[in-house]
1. How many of the residues in the range 71-107 are among the acidic types (Asp, Glu) and loosely packed, with under 12 Cβ neighbours inside 10 Å?
2. Residue check, residue 104 against (1) assigned to a helix (DSSP H, G or I); (2) of a type outside the set (Asp, Glu); (3) farther than 18 Å from residue 19 by Cβ, all met but one. Which one?
3. Could you list all residues from the range 10-34 that are touching an Asp or Glu at 6+ places or on another chain (Cβ under 9 Å) and part of a helix (DSSP H, G or I)?
4. Could you give every pair whose Cβ atoms fall below 7 Å, whose first residue belongs to the range 48-60 and is on the phi < 0 side of the Ramachandran plot, and whose second residue is in a loop (DSSP other than H, G, I, E, B) and polar (S, T, N, Q), counting only separations of at least 6 or pairs across chains?
5. Pairs please, first residue from the range 26-37 and in the same structural domain as residue 53 (by TED's automatic domain parsing) and buried (at least 20 other Cβ atoms within 10 Å of the Cβ), second anywhere and modelled with pLDDT under 95 and small (Gly, Ala, Ser), Cβ atoms under 6 Å, 6+ apart in sequence or on different chains.
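The values are calculated or read from the model by the stated rules, or taken from the named source; none is laboratory data. Remember, predicted model here, so these are calculated numbers, not experimental data. We place every Cβ from the backbone using ideal geometry, glycine too, and count neighbours over all the protein chains shown.
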Amino acid sequence: MRKVRAAELGPDIEEFTAMLMQVGLRRNVAKVLAYLSSVKEATSREIEIGSDLRQPEVSIAMSELRELGWISERDEKNPGKGRPYRIYRLQSSMAQIIELLEQRTHQERAEIRGRIALLRSLMQAG
């Protein structure tokens, strides 16, 4: 696999990452998701390089993406000695992920509107 840095992917990847963060994803999750959306699959090391994150940040992001069911992973035997490579790829399409983020945003807004309505009723009762 060819190692691709986020800078090589162009300014659009930075804008994409920023937008993912604006809709509620944490920085490391947004960077990993943006990187994975631009490659077919990648090892942890390639994700570190490509997303410009340190290994612990990538590990935390991958755990969150795994819990969300947005990535799949497989092991590939290392040609030399040592542990096999773990290779990651998006399991959900970016269109599906964006749809889920939109639904989550609508739900959060509805909850906030409900709290505001409750505040208003408490003010009128008092």
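1. 2
2. Status for residue 104: all satisfied but (3).
3. 27, 28, 29, 31, 32, 34
4. none
5. 31/51; 32/51; 35/50; 35/51
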